[in-house]
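A.B. asks: Handing you a structure now.
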Amino acid sequence: MSKYTTIIEKAEDNYSAYCPGLPGCIATGRTEEETIQRMKEAIEFHIEGLREGKKSIPAPSTKAVSVDVTV
């Protein structure tokens, strides 16, 4: 099992997500929870496609952190 960093962004009426470690792997949803579930499915589908295409599967290497700033 691998853990891929996923970035979730709030849009006007929904959420969107992408995985920096898997370029082109994205998902959207009405709620944050739905977006996370769809992103999990998108990552699994993306990796399945890489396997079928006999391409290497990138190891998770991206890390996200929150930075405190004074505004």
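The values are calculated or read from the model by the stated rules, or taken from the named source; none is laboratory data. Remember, it's a predicted structure, so these values are computed and weren't measured experimentally. A quick note on method: Cβ atoms are made from the backbone with ideal geometry, for glycine too, and the neighbour counts reach across all protein chains shown.
A.B. asks: When only residues in the stretch 1-16 that are in contact (Cβ under 8 Å) with a residue 24 or more places away in the chain and of a type outside the set (Phe, Trp, Tyr) count, which is farthest from PRO60 (Cα to Cα)?
C.D. replies: My answer is ILE8.
A.B. asks: Can you name every residue in the stretch 21-71 that is without any contact (Cβ under 8 Å) to a residue 24 or more places away in the chain, in a loop (DSSP other than H, G, I, E, B) and among the hydrophobic types (A, V, I, L, M, F, W, C)?
C.D. replies: Hits for the stretch 21-71 are CYS25, ILE57, VAL65, VAL67, VAL69, VAL71.
A.B. asks: When the residues of the stretch 33-46 are filtered to those that are among the charged types (D, E, K, R) and exposed (fewer than 13 other Cβ atoms within 10 Å of the Cβ), which remaining residue is farthest from LYS3 (Cα to Cα)?
C.D. replies: Ranking the candidates gives GLU33 first.
A.B. asks: Here is a follow-up. Considering only residues of the stretch 44-71 that are within 16 Å of the chain's Cα centre (by Cα) and of a type in the set (A, V, I, L, M, F, W, C), which is farthest from PRO23 (Cα to Cα)?
C.D. replies: Applying the filter and picking the extreme gives VAL65.
A.B. asks: I'm trying to understand the selection: among the residues of the stretch 47-71, which are out of contact with any helix residue (DSSP H, G or I) (no Cβ under 9 Å at 6 or more places or on another chain), surrounded by 10 or more Cβ atoms within 10 Å (Cβ to Cβ) and among the hydrophobic types (A, V, I, L, M, F, W, C)?
C.D. replies: ILE47, LEU50
A.B. asks: Follow-up question, since we're still on this one. Evaluate the stretch 7-17: report whether one residue or more is under 12 Å from the mean Cα position of the chain (by Cα), in a helix (DSSP H, G or I) and at pLDDT 95 or above.
C.D. replies: Scanning the stretch 7-17, I find no residue that is under 12 Å from the mean Cα position of the chain (by Cα), in a helix (DSSP H, G or I) and at pLDDT 95 or above, so the answer is no.
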